[in-house]
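Novice: Before I ask anything, let me first share the structure, which is written out below as structure tokens.
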Amino acid sequence: MPFCADQLARLEPLWDAMLDHRFLRETRDGTISDERFAVWMRQDYLFVEAAIPFLAALLARAPRHHWEPLAGAIAALQKELKLFEERAQVVGVNLRGAPPSFTNHAYIQFLLATAFRASYAEAYTVLYTAEKAYHDSWKVVKQGIAQDSKWYPFVENWAGEEFAQYVSYLETELNALAEEAGPSERERMAEYFELTTKYEIAFWEMAATGEGWPAT
Ligand code: MP5
């Protein structure tokens with residue numbers, strides 16, 4: 001079985017828990033409070049900002065045929081930041097209104113540490129898993145959210161056809177990297193797949209609870 005399908009089958013209970021998270025269900029059903037959604041917006045804006053140096057670090061280590069797609073992904077993130085800024089303006093959210101939460105801070109450090117210290121295939125695993133997680137998560141929201149919802153532009157961004165094609169491309173490339181990897185690297189790639197899935201669940205939980213830093 002190709003690497004990605006294998007991991008998604010192995011991690012199915014975790015993946016399903018992510019897709020069943022109340023933050024997604026409440027956003028889909030239109031019952032999420034503006035305050036909670038704003039928590040996610042502020043935190044994800046910081047995450048997307050951090051994803052740019054993550055991709056740039058990955059690009060520096062990438063094989064030649066990955067340069068253009070990774071450069072395209074960086075450009076897409078710049079556009080995504082503008083989408084956040086436009087939505088924030090419309091709904092009156094200050095995107096610089098909070099520092100990274102504990103979970104977001106940890107996830108960002110994990111991203112950057114992976115980009116610099118893990119192998120290219122391991123870091124690419126984190127990229128694919130995070131993008132696939134967002135694609136699948138926002139597809140859940142798409143199955144029910146009103147098209148005139150003020151949050152709909154986010155749904156379109158990650159659940160739309162263009163993003164679906166990007167995720168499918170990443171999947172093909174990650175499967176190829178896993179084919180080339182030896183057993184121990186493949187094992188570590190599986191660990192990164194699982195860790196990233198857990199960070200994605202933690203991120204929705206952080207948004208749903210409005211978590212800051214423990215005991216402060
Ligand atoms: C993504 C994201 C998707 N924006 N936030 C989290 C917590 N995980 C994944 O990545 P991108 O870079 O916005 O497409």
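Novice: Nearest 10 degrees is fine. How inclined is helix 34-61 to the longest principal axis of the chain, computing both from alpha carbons?
Specialist: With rounding to tens, the tilt is 20 degrees.
Novice: A further question follows. Pull out a ≥ b ≥ c, the square roots of the eigenvalues of the alpha-carbon gyration tensor of segment 75-117, then state rounded if a/c is under 1.5, prolate if not and a/b is larger than b/c, and oblate in the remaining case.
Specialist: The shape class here is oblate.
Novice: Which distance in nm do the two modelled labels at I52 and S184 give, with both placed 7 Å along the Cα-to-Cβ direction?
Specialist: 3.8 nm
Novice: Given R₀ = 45 Å, FRET efficiency for A9-R61 by Cβ-Cβ distance, to 0.05?
Specialist: Approximately 0.95, to the nearest 0.05.
Novice: Please say if segment 9-66 is rounded, prolate or oblate, where rounded means a/c under 1.5 for a ≥ b ≥ c the square roots of the C-alpha gyration tensor eigenvalues, and otherwise the choice is prolate for a/b larger than b/c and oblate otherwise?
Specialist: Oblate.
Novice: Still on this model: I'd like the accessible area for I52, computed on protein heavy atoms only with a 1.4 Å probe and all protein chains in place. Round to 10 Å², please.
Specialist: 30 Å²
Novice: Measure nothing but the geometry: give the 0 to 90° angle between the long axis through the Cα atoms of 67-91 and the longest principal axis through the Cα atoms of the chain, rounded to 10°.
Specialist: Between the helix axis and the principal axis of the chain, the angle is about 10 degrees.
Novice: Need one value: the accessible area of S149 in square angstrom, 1.4 angstrom probe, rounded to the nearest 10.
Specialist: We get 30 Å² for S149.
Novice: While we're here: If DNA, RNA and ligands are ignored and the probe is 1.4 Å, what is the ranking of T216, T125 by accessible area, most exposed first?
Specialist: Result of the area sort, largest leading: T216, T125.
Novice: Turning to a different aspect of this structure: How far is helix 161-180 tilted, in degrees, relative to the longest principal axis of the Cα atoms in the chain, given as a value from 0 to 90 rounded to the nearest 10?
Specialist: Approximately 30 degrees, to the nearest 10.
Novice: Between K79 and K142, what's the calculated FRET efficiency when r is the beta-carbon distance and R0 is 25 Å? Round to 0.05.
Specialist: 0.80
Novice: I've got another one for you. Compute the separation of the alpha-carbon centres of segment 59-132 and segment 163-216 and state it in Å as a whole number.
Specialist: Rounded to whole Å, the Cα centres lie 12 Å apart.
Novice: Along the Cα-to-Cβ line of L112, 7 Å from the Cα, sits a label point; which residues in segment 39-80 have backbone N less than 14 Å from it?
Specialist: In segment 39-80, the label zone of L112 (backbone N under 14 Å from the point 7 Å along Cα→Cβ) covers 46-58.
Novice: Whole-Hz Karplus ³J(HN,Hα) for segment 186-200, in order, using 6.51 cos²θ - 1.76 cosθ + 1.60 and θ = phi - 60°, x for Gly and Pro?
Specialist: 4, 4, 5, 4, 5, 5, 5, 4, 5, 4, 5, 4, 5, 5, 5
Novice: Could you compute how much accessible surface H65 exposes when probed at 1.4 Å, giving the result in Å² to the nearest 10?
Specialist: My reading of the accessible area for H65 is about 120 Å².
Novice: Also: Report the residue, chosen from A130, A60, A115, that carries the largest GNM mean-square fluctuation when the chain is represented by alpha-carbon nodes joined by springs under 10 Å.
Specialist: Largest GNM mean-square fluctuation: A60.
Novice: Let me ask you something else. Relative to the present Cα-Cα distance, how much length would full extension add between A98 and R22 at 0.36 nm per residue of separation?
Specialist: Extra length from A98 to R22 when fully extended: 25.1 nm.
Novice: Starting from the Cα gyration tensor of segment 124-216, take the square roots of the eigenvalues, sort them a ≥ b ≥ c, and report rounded, prolate or oblate (rounded when a/c is under 1.5, otherwise prolate if a/b is larger than b/c, else oblate).
Specialist: Oblate, since a/c reaches 1.5 and b/c is not below a/b.
Novice: Exposed loop trypsin sites (Lys or Arg not before Pro) only (DSSP loop, at most 13 other Cβ atoms within 10 Å): please give the longest stretch of the chain free of them, not including the sites.
Specialist: Formally, the longest exposed-site-free interval is 1-95.
The values are calculated or read from the model by the stated rules, or taken from the named source; none is laboratory data. Remember, it's a predicted structure, so these values are computed and weren't measured experimentally. Cβ sites come from the backbone with ideal geometry, for glycine too, and all protein chains shown count toward neighbours. SASA here: full protein model, heavy atoms, side chains in, ligands and nucleic acids out. Shrake-Rupley method; radii C 1.70, N 1.55, O 1.52, S 1.80 Å.
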